[in-house]
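Participant: Shown below is the structure under consideration.
The values are calculated or read from the model by the stated rules, or taken from the named source; none is laboratory data. All of these numbers come straight from a predicted model, not from anything done at the bench. All Cβ positions, glycine included, derive from the backbone under ideal geometry; neighbour counts span all protein chains shown.
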Amino acid sequence: MSDKILHSITAIFDTPDEIIHAAKKTAEKGYKNYDVNTPYPVHGMDQAMKLPPSKLGYFALVFGLTGTLTALALMYWMSVIDYPQVIGGKPFFPFPAYVPVMFEVTVLSASIATVLSMLIVFFKFPNNNHALHDTDYMRKVSYDKYGVSIEAKDPLFDEEAVKKFLADIGGKEITPIYYDNEEINHKNVILEPKFIGLLVVAFIVVSGATYVMMNKVLFLPPYTWMMSQEKVIAQDDDSFFKGTQAMLKPVAGTVSREHLPYLYMGKPEEAAKAMINPLLPSEKNLALGKKKYNTYCSPCHGYFGEGDSRLRGQFPNPPSLHSEKVRNWTDGRIYHVIMEGQNVMPSYASQMNREERWATILYLRALQRSLNAKETDLQ
Amino acid sequence: MSSTSIKIDYIKKDLPDIVIKLGYGLFALGLIVAALAYFTDPTRAAYNNLIVLMFLTSIGLGALFMIGIEYLMGAVWSVPFRRVMEVLAGVLIVLPIVAIPVYFNMHDMYHWTHHDVVMNDAILKSKEPYLNMTFFTVRIAVFFLLWIAFYFMITGNSRKQDKTGDQKLTTRNIRLSAIFMPVFAITLTFASIDWMMSLEPHWFSTMYGVYYFSGTILAAIAAGTFIIIKLNENGYFVKGINNDHYYALGALLFAFINFWAYIAFSQYMLYWYANLPEETFWFIARWEGSWAYVSGILIFVHFVVPYFGLLSQPSKSNASRLKFMSLWILFAHIVDLFWLVMPTYSKEGVKFGWMEIGFPVLAIGIIIIVFSMLYKKMNMMPIGDPKLKRGINFRL
């Protein structure tokens, strides 16, 4: 017990008025390293002790603004840069929709960071040992008394003078407090390798568990319940109409609104004679024809109808559409080929509707005339 | 008999002549402007008159609300300067007079008052059971009556306590305040809907009442804060009212600045998100042409500047900062009302001239005159209130 070091001299007071008075006197005397302990917050203590305003507000400000900007940057990156998507007809950068999120994140980060910085920076958490702990003095001031403790590290500290001063301002039970050097953590525990190691391990465990959960476990039974829902899938058997598919077929004889029956199946000559193009070669029709030609015809026939397939020889190359035979065909004959197909070419009846087929033929005629212009075109 | 044992050495000082002269000067100036305005352009004058009416309602009703809240919450810190709020609530008495010119010009301002328009408009026709002249008149009359009745009852009890020191009067005022709160909520909401929202009778917002309420309380606290600090600095109260009291006022101002921004933004964002034409046209009218500048300025004047002005802890208890911010917020409330009312008058763009300056001057003149007249009749501190001593000793 010989290596006890003096921590402070304490004095007990009985009423809140006395402690305010004592705090004022202590501050006036010029002591810097002293503290006042009361069982509850005493109003007016900050001014009596001449404490400067707390710096905690700046932590809240900095962390709050960090939260605001983080939320803004996160949402900006997601919905403007990484994955732009129209949601509810709003622009990619819908600022008003961001404001509530920014507000929430600001409040969240400011409050959590304020509490943490209060604990860690001001209270030196997780250092939890203090010389005043477990003393008779602390027992009293956390019950029904008020106390002042003037610390030995104060530049003005002088044991006898402090004792006399405390007695002068009305303090009772003036006691010195001693502590063992080994009992006190002088270093901040938060910087110890063990503690940091613990944080790293916790980080790895939590993020690893999250990864496994989200990417593996959720795809194992019984977590697959989301995938087996009580709903009808198009190609499944129908549990209501037995023996049918869930996607029911239309009633026999149903035709779609714009359906016209094709009368010339297997009769190319009749088709060539009977049908004429109902569309005029207007800009709009040619634009439609160009779109459809480039979509459905050009993969084999080539963009300009020269039979230069881009399918790299996976199919036999089709003949050129600029041949004299095709040029002399009527529009109806070409229409018939689109409807029925020819040789390797399948029918394109289901891909294009009537108007689109005729428009495609108009565009094909324009392509043909670009290589074999009529004399009238050259004037 | 604890009330007699409390000794408050309050000596009443008269207001300096300059304040009374200033009040009458501003009032006379404003009155001349108002008369000229009604002579040259009665419609525009009536719109400006409406802004004055809503501004004075804000001050008077907001002050009465603060008194009621104090009684209901058993608040202690605000007791020493409750009288200031009571005097400000006296503005309620002159409201009917201010409302008369607006009432007689309603035909030019509210198109739901036109019978032929209403009959040819399905929406207005379905709103007709509520929006018609008879019911409107009855409602407004009942609102004024209720407000003035509660003003006289609550402040009357409080003033009687100066002489008797009877604690039962506090209990009675607590009961009155409890009745006043729902009355306040309903009448304030419907008054704002009737006077201002019905300027655009096709438009509707369930947040309109709360929006006006947030501005109301802010304006009342701001006016109170300015007067309290002025009076205290010149020794019209007893010693002991200090920065801790100022801090409480500043924190209240700061809280309601945030509340206003929260409500204003919520209202805007919900309409922006839903994007329905019958709701958005009200905001589009305020976001087109020169009105866009007013909308933008409003955000800065009503939120950004006072928010950062009162953000830090020391600024909330700094007397000069608080005085400046109080006046600033009163100005912001006038801008807010201008933004709410005037786009209906001049859809094509902002019209700002001598009328828009003269009418707020009239409002300030009215407040100062009411204040100085009521000041003569009462002590500036509720010296019989049992909570007064504790209120003066209030520390953070």
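Participant: Consider B:LEU311 carefully, then state whether it is away from chain A (no Cβ under 14 Å) and either of a type in the set (Ser, Thr, Tyr) or in contact (Cβ under 8 Å) with a residue 12 or more places away in the chain (or both). So that I can check it myself, show each step before the final result.
Facilitator: Numbers: away from chain A (no Cβ under 14 Å): no; either of a type in the set (Ser, Thr, Tyr) or in contact (Cβ under 8 Å) with a residue 12 or more places away in the chain (or both): yes.
Answer is no for this residue.
Participant: Only one of (1) of a type outside the set (Val, Ile, Thr); (2) surrounded by 13 or more Cβ atoms within 10 Å (Cβ to Cβ); (3) at pLDDT below 90 is not met by A:LEU362, so which one is it?
Facilitator: If we test A:LEU362 against (1) of a type outside the set (Val, Ile, Thr); (2) surrounded by 13 or more Cβ atoms within 10 Å (Cβ to Cβ); (3) at pLDDT below 90, just (3) comes out false.
Participant: I've got another one for you. Tell me, please, whether a residue that is more than 14 Å from chain B (Cβ to nearest Cβ), modelled with pLDDT of 90 or more and closer than 21 Å to B:PHE265 by Cα can be found in the stretch A:103-114.
Facilitator: yes
Participant: Of the residues A:LYS24, A:LYS90, which is within 10 Å of another protein chain (Cβ to nearest Cβ), surrounded by 13 or more Cβ atoms within 10 Å (Cβ to Cβ) and of a type in the set (Lys, Arg)? Talk me through it step by step, then tell me what you get.
Facilitator: On the way: A:LYS24 fails: within 10 Å of another protein chain (Cβ to nearest Cβ).
Every option except A:LYS90 fails the conditions.
Participant: Any chance you could count how many residues in the stretch A:16-43 are in contact (Cβ under 8 Å) with a residue 60 or more places away in the chain, within 52 Å of the chain's Cα centre (by Cα) and farther than 21 Å from A:ARG139 by Cβ? Lay out the reasoning, then the answer.
Facilitator: First, the residues of the stretch A:16-43 that are in contact (Cβ under 8 Å) with a residue 60 or more places away in the chain: A:16, A:18-19, A:21-23, A:25-26, A:29-39, A:42.
Now narrow it down to the ones that are within 52 Å of the chain's Cα centre (by Cα): A:23, A:32-39, A:42.
Right, trim to farther than 21 Å from A:ARG139 by Cβ and you get A:32-33.
Number satisfying all stated conditions: 2.
Participant: Of (1) away from chain A (no Cβ under 14 Å); (2) within 30 Å of B:MET109 (Cα to Cα); (3) surrounded by 16 or more Cβ atoms within 10 Å (Cβ to Cβ); (4) among the aromatic types (Phe, Trp, Tyr), B:PHE371 satisfies all except one. Which?
Facilitator: That leaves (2) as the condition not met.
Participant: Something else now. Condition (residue is more than 14 Å from chain A (Cβ to nearest Cβ) and at pLDDT 90 or above) applied to the stretch B:242-250: is it met by at least one residue?
Facilitator: There is at least one residue in the stretch B:242-250 that is more than 14 Å from chain A (Cβ to nearest Cβ) and at pLDDT 90 or above.
Participant: Where in the stretch B:48-110 are there helices (runs of 4 or more DSSP H), lying wholly inside it, with at least 2 residues that are farther than 22 Å from B:MET373 by Cβ?
Facilitator: B:95-104, B:106-109
Participant: On to the next question. Just to check your reading of the model, which residue among A:LEU51, A:LEU74, A:LEU56 is of a type in the set (A, V, I, L, M), surrounded by fewer than 17 Cβ atoms within 10 Å (Cβ to Cβ) and within 11 Å of chain B (Cβ to nearest Cβ)?
Facilitator: A:LEU56
Participant: Would you mind stating whether A:SER142 is away from chain B (no Cβ under 14 Å) and farther than 20 Å from A:ASN33 by Cα?
Facilitator: So A:SER142 passes the test.
Participant: Which of the numbered conditions does A:ASP14 fail, given that it passes all the others? Conditions: (1) surrounded by fewer than 16 Cβ atoms within 10 Å (Cβ to Cβ); (2) more than 10 Å from every other protein chain (Cβ to nearest Cβ); (3) farther than 19 Å from A:ALA167 by Cβ.
Facilitator: The number of the failed condition is (3).
Participant: When you go through B:ILE217, B:ILE174 one by one, which is the residue that is assigned to a helix (DSSP H, G or I) and touching a Leu at 6+ places or on another chain (Cβ under 8 Å)?
Facilitator: Answer to the check: B:ILE174.
Participant: Here is a further query. Of all the helices (runs of 4 or more DSSP H) wholly in the stretch A:283-379, which have at least 1 residues that are in contact with a helix residue (DSSP H, G or I) (Cβ under 7 Å, 6 or more places away or on another chain) and within 21 Å of A:PRO268 (Cβ to Cβ)?
Facilitator: A:324-328, A:331-340, A:354-371
Condition check ((1) in contact with a strand residue (DSSP E or B) (Cβ under 8 Å, 6 or more places away or on another chain); (2) more than 14 Å from every other protein chain (Cβ to nearest Cβ); (3) surrounded by 15 or more Cβ atoms within 10 Å (Cβ to Cβ)) across all residues:
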{"residue": "B:PHE256", "(1), (2), (3)": "no, yes, yes"}
{"residue": "B:TRP260", "(1), (2), (3)": "no, yes, yes"}
{"residue": "B:ILE263", "(1), (2), (3)": "no, no, yes"}
{"residue": "B:SER290", "(1), (2), (3)": "no, yes, no"}
{"residue": "B:LEU298", "(1), (2), (3)": "no, yes, yes"}
{"residue": "B:ASN318", "(1), (2), (3)": "no, no, yes"}
{"residue": "B:LEU322", "(1), (2), (3)": "no, yes, yes"}
{"residue": "B:SER326", "(1), (2), (3)": "no, yes, yes"}
{"residue": "B:LEU330", "(1), (2), (3)": "no, yes, yes"}
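Participant: Quick one: count up the residues across the stretch B:233-261 that are in contact (Cβ under 8 Å) with a residue 24 or more places away in the chain and part of a helix (DSSP H, G or I).
Facilitator: 19
Participant: From the list A:ARG333, A:ARG327, exactly one residue is among the charged types (D, E, K, R), out of contact with any Cys (no Cβ under 9 Å at 6 or more places or on another chain) and crowded, with 17+ Cβ neighbours inside 10 Å. Which is it?
Facilitator: After ruling out the rest, the residue left standing is A:ARG333.
Participant: Going by the structure shown, is A:LYS164 basic (Lys, Arg), more than 14 Å from every other protein chain (Cβ to nearest Cβ) and under 30 Å from A:PHE63 (Cβ atoms)?
Facilitator: Details: basic (Lys, Arg): yes; more than 14 Å from every other protein chain (Cβ to nearest Cβ): yes; under 30 Å from A:PHE63 (Cβ atoms): no.
No, not satisfied.
Participant: Would you point out which residue out of B:ALA45, B:ALA35 is small (Gly, Ala, Ser) and surrounded by fewer than 16 Cβ atoms within 10 Å (Cβ to Cβ)?
Facilitator: B:ALA35
Participant: Further question on the same structure: I'm trying to understand the selection: among the residues of the stretch A:297-322, which are small (Gly, Ala, Ser), surrounded by 13 or more Cβ atoms within 10 Å (Cβ to Cβ) and without any contact (Cβ under 8 Å) to a residue 40 or more places away in the chain?
Facilitator: The answer is A:SER298, A:GLY302, A:GLY307, A:SER309, A:SER320.
Participant: Something else: Quick one: which residue in B:TYR268, B:TYR273 is part of a helix (DSSP H, G or I), within 13 Å of chain A (Cβ to nearest Cβ) and more than 25 Å from the chain's Cα centre (by Cα)? Before you say what the answer is, go through the steps one by one.
Facilitator: Values: B:TYR268 fails: more than 25 Å from the chain's Cα centre (by Cα).
Every option except B:TYR273 fails the conditions.
Participant: Something else about it: Tell me, yes or no, whether the stretch B:137-149 has at least one residue that is of a type outside the set (A, V, I, L, M, F, W, C), surrounded by fewer than 21 Cβ atoms within 10 Å (Cβ to Cβ) and part of a helix (DSSP H, G or I). Before you say what the answer is, go through the steps one by one.
Facilitator: Quick first cut of the stretch B:137-149, residues of a type outside the set (A, V, I, L, M, F, W, C) only: B:137, B:139.
Retained after the next criterion (residues that are surrounded by fewer than 21 Cβ atoms within 10 Å (Cβ to Cβ)): B:137, B:139.
Add one more test, that the residue is part of a helix (DSSP H, G or I), and what stays is B:137, B:139.
Yes, the conditions are met somewhere in the stretch B:137-149.
Participant: Another question, if that's okay. Mind listing whichever residues of the stretch A:32-48 are polar (S, T, N, Q) and within 13 Å of chain B (Cβ to nearest Cβ)? Before the answer, list the steps.
Facilitator: At the first step, the residues of the stretch A:32-48 found to be polar (S, T, N, Q) are A:33, A:37-38, A:47.
The one that is polar (S, T, N, Q) and within 13 Å of chain B (Cβ to nearest Cβ): A:GLN47.
Participant: Could you give every pair whose Cβ atoms fall below 9 Å, whose first residue belongs to the stretch A:44-59 and is under 16 Å from B:ARG395 (Cβ atoms), and whose second residue is in a loop (DSSP other than H, G, I, E, B) and small (Gly, Ala, Ser), counting only separations of at least 6 or pairs across chains?
Facilitator: Cβ pairs passing all conditions: A:ASP46/A:SER54; A:PRO53/B:SER312.
Participant: Evaluate the following for B:MET355: is it touching a residue at least 40 places away in the same chain (Cβ under 8 Å), assigned to a loop (DSSP other than H, G, I, E, B) and away from every other protein chain (no Cβ under 14 Å)? Talk me through it step by step, then tell me what you get.
Facilitator: Working: touching a residue at least 40 places away in the same chain (Cβ under 8 Å): yes; assigned to a loop (DSSP other than H, G, I, E, B): no; away from every other protein chain (no Cβ under 14 Å): yes.
No.
Participant: Here is a list: B:PRO360, B:PRO343, B:PRO306. Which entry is more than 14 Å from chain A (Cβ to nearest Cβ), of a type outside the set (A, V, I, L, M, F, W, C), part of a helix (DSSP H, G or I) and touching a Lys or Arg at 6+ places or on another chain (Cβ under 7 Å)?
Facilitator: The conditions single out B:PRO343.
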